[in-house]
1. In segment 286-316, what residues are out of contact with any strand residue (DSSP E or B) (no Cβ under 6 Å at 6 or more places or on another chain) and part of a loop (DSSP other than H, G, I, E, B)?
2. Scan segment 334-349 and give yes if some residue there is modelled with pLDDT of 90 or more and among the small types (Gly, Ala, Ser), otherwise no.
3. Which count do you get for residues in segment 81-99 that are outside any loop (DSSP other than H, G, I, E, B) and modelled with pLDDT of 90 or more?
4. Pairs only if they're at least six apart or on different chains, beta carbon under 6 angstrom, first in segment 283-297 and assigned by TED's automatic domain parsing to the domain that holds residue 250 and closer than 9 Å to residue 310 by Cβ, second assigned to a helix (DSSP H, G or I) and modelled with pLDDT of 90 or more; list them, first residue then second.
5. Would you check which residues across segment 317-337 are of a type in the set (Asp, Glu) and either part of a helix (DSSP H, G or I) or more than 20 Å from residue 240 (Cβ to Cβ) (or both) and list them?
6. If you check residue 307 against the conditions, is it at positive phi, in the same structural domain as residue 392 (by TED's automatic domain parsing) and surrounded by 14 or more Cβ atoms within 10 Å (Cβ to Cβ)?
7. Might you let me know whether segment 357-378 holds any residue that is among the acidic types (Asp, Glu), assigned to a helix (DSSP H, G or I) and not assigned by TED's automatic domain parsing to the domain that holds residue 170?
8. Of the residues that sit in segment 289-302 and are closer than 16 Å to residue 260 by Cα and surrounded by 16 or more Cβ atoms within 10 Å (Cβ to Cβ), which one is modelled with the lowest pLDDT?
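The values are calculated or read from the model by the stated rules, or taken from the named source; none is laboratory data. Note that the coordinates shown come from a computational prediction; the quantities given were computed from them, not determined experimentally. Note: ideal-geometry Cβ built from the backbone for every residue, glycine included; neighbour counts use all protein chains shown.
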Amino acid sequence: MRIEETLTTFHDLGVLPEIAEALREVDIVDAFPIQEMTLPIALLGTDLIGQARTGTGKTLAFGIPVLQRTVAPHDPDYSELAGPGKPQGLVVAPTRELASQVAEDLAVAGRHRGTRTLTVYGGVAYEPQLNTLKEGVDIVVGTPGRLLDLADRGVLDLAHIKVLVLDEADKMLDLGFLPDVERLIAKTPELRQTMLFSATMPAAIVSLARTHMRHPVNIRAESTTEQQTVPATAQFIYRAHQSDKPEVVARILQSESSGRTIVFTRTKRQAQRLADELKDRGFPTSPLHGDMAQDARERALKRFRTGRVQVLVATDVAARGIDVEAVTHVINYECPDDEKTYLHRIGRTGRAGATGVAVTLVDWADVTRWKVINAALDLPFDDPAETYSTSEHLHRDLGIPPEAAGRLASAPKRDDKATDDRSAKSGGKEPGDKESGGKKSSRPRRRKRQRRRTRGGRPVDQPADTSG
């Protein structure tokens, strides 16, 4: 019934039937305040600034207007365009993963419209993107660096853009992309529709909007006094010791409601190390961080989306565009840097009206930082409880079975344990030692020889030959 009501609302707003039908077929139609507030304005072609927390359906809030204002190849007036085959819509996103997710949603929603969508980002070969641009595209979604690179090469023509979308503008500011965004905007027509979406509105983003937007309408999907976190997400904050955290995470992954889980770490090295540790404990896990090649990152996300792995250990930048359904748990392995990072992280669960669990593990040294976040978001967790993997309240809060251990029964035995067992059986000798019967010793061979001083080929301690 909710889907039907939303489709009726779309019809009343003037959304094209083929777009609504495409959304219904894949069952991603849902009612969100940001959509209900944005669509009536965006469909009129008015510039707007949308401020909404993560996970509130803003992709369709700008995606539907972009698709609707795009003239598809089979439309009667397509041949009358000034540049047929040139991009008419441009969506700029801060990360590759977010760009891919947005492009995928636009492709799904526009499949009955016949619009052609291209995803553009760095870390992959130029040739496929160049070939697609040469064949003709209608909507381009990409990251600032590669977009600007292609535009400077003259292969990406932005002179026919009708709708420009800046998604998660605050993150683009954090990553230092704002100068590239300014240069991209300068390459688009002045008479265009511009939509800017951001969870927060720093001064630099406000300045960007004032400079490049024409009388934008400001839309906020929640009141200024409303709690900024997603209401459907249950939050738990624990003070945990660094050495015990892998064990704590392993217990959480065995909770009754545990499903797809994202674990956030502060550094790329920590993400890789923890992913290897959890995999060794028997949990299907993939890392996701900036040191991985782009194709490896895409494979990791695909395995996570399809359920082949249960756990994704990711850094903030790499996980910015993750939009995976049915993420039940988000775990902050360390205290986030600020309240914005905290909101973006826990927004990966509790999406589309679903419930979720967010667990934050705070080191003793980071208690002060957490208190600042707690005060900024007006949360009731000012003094996190001291928690260990065996703590009763941890098991009680998260529904962890009492018999849960740090390793799954199906996990392979540790290599170091096997080595210790072999060493014990051989009396502490390595398998390659001669004393243990091995074929080859791992110790360097020592030559036993004595060095003696000689003079004229005779040892110095013997009398010289005086004969003859």
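1. 290, 291, 292, 293, 306, 307, 308, 310, 316 - these are the residues of segment 286-316 that are out of contact with any strand residue (DSSP E or B) (no Cβ under 6 Å at 6 or more places or on another chain) and part of a loop (DSSP other than H, G, I, E, B).
2. no
3. 5
4. 285/275; 285/278; 285/279
5. Step one: filter segment 317-337 for residues of a type in the set (Asp, Glu), giving 323, 325, 334, 337.
Residues satisfying the conditions are 323, 325.
6. So residue 307 fails the test.
7. Within segment 357-378 (the criterion being among the acidic types (Asp, Glu), assigned to a helix (DSSP H, G or I) and not assigned by TED's automatic domain parsing to the domain that holds residue 170), the answer is yes, since at least one residue qualifies.
8. Ranking the qualifying residues of segment 289-302, first place goes to 301.
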